[in-house]
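Written out below as structure tokens is the structure these notes cover.
The values are calculated or read from the model by the stated rules, or taken from the named source; none is laboratory data. Everything numeric here is computed off the predicted structure, so don't read it as measured data. Note that we place each Cβ from the backbone using ideal geometry, even for glycine, and neighbour counts take in every protein chain shown.
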Amino acid sequence: MDIQKLDKTVDALIRTKQFAQAGAILSEARQEATDSANPNALDFVFSQFVFLCWTKEPPDVLRAEQFCLEREAARDTAYNKYRTAMTFYWAANDHPRTVMKTREAVEKASVEGDTNTRYSALSLLGLALLDLDRTEEAGATLVEIYDMVRERQRIVVGDETLFLERAHTRGLNRSIIKSIATTLAPVCRDKAFAERLQSLAREN
């Protein structure tokens, strides 16, 4: 399977809203990856299916969730669990399942030593907990993020920003929020996120 060629072909079809054709090509690729027992190819194909489902008009949320879970079955990684949680949160607006799946991702990432995914999953977990008014648990999650930043672990700077903003609005530990923002703003490569972190760093 030529993944690069498949990526370009499917992307072009999705951008021109030729969803049925994209789905047919992905179904063939899925069968090829299954026949060859290639977990990396399956991971890619399922990810493309998820993107296709998100892009459809209207989005096919249930199918997107199904492909997320099949992707986890193909490659049981913390990152894939985190990506499933992203679908639960942003596509399905299902905060309880987001909490469950992000906790799975955090635990798996800890075992794998994947600090990038652990950090991103914690940030998403914090958002879902705030949405569920589980403020005390969100505060504990904020401390976990602070510890990772303070220890200068490898992280995806920017993923925490929305959680920090909402946590600040909800009155969580603002000194910790300011400390995180002050540390990360100068090293954030995304200008928009850097400006938002700088704004939090200036807050009292």
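Per the conditions (1) among the acidic types (Asp, Glu); (2) under 25 Å from THR9 (Cα atoms); (3) not in a loop (DSSP other than H, G, I, E, B), the sole criterion not satisfied by GLU57 is (3). Within the option set LEU130, LEU200, being in contact with a Leu (Cβ under 9 Å, 6 or more places away or on another chain), in a helix (DSSP H, G or I), in contact (Cβ under 8 Å) with a residue 12 or more places away in the chain and farther than 24 Å from LYS101 by Cβ holds for one residue only, LEU200.
Can you tell me how many residues in region 87-111 are surrounded by fewer than 19 Cβ atoms within 10 Å (Cβ to Cβ) and in a helix (DSSP H, G or I)? Steps first, answer last, please.
First, the residues of region 87-111 that are surrounded by fewer than 19 Cβ atoms within 10 Å (Cβ to Cβ): 90-97, 100, 103-104, 107, 110-111.
Applying the additional criterion that residues be in a helix (DSSP H, G or I) yields 90-91, 95-97, 100, 103-104, 107, 110-111.
Counting residues in region 87-111 that are surrounded by fewer than 19 Cβ atoms within 10 Å (Cβ to Cβ) and in a helix (DSSP H, G or I) gives 11.
Annotation: ALA64 fulfils all but one of (1) assigned by TED's automatic domain parsing to the domain that holds GLY139; (2) among the small types (Gly, Ala, Ser); (3) buried (at least 16 other Cβ atoms within 10 Å of the Cβ); (4) over 25 Å from HIS168 (Cβ atoms); the unmet one is (1).
Anything in region 88-114 that is acidic (Asp, Glu) and closer than 18 Å to ARG75 by Cβ? List them, or say none. Once the filter is applied, which keeps residues that are acidic (Asp, Glu) and closer than 18 Å to ARG75 by Cβ, region 88-114 yields GLU104, GLU107, GLU112, ASP114.
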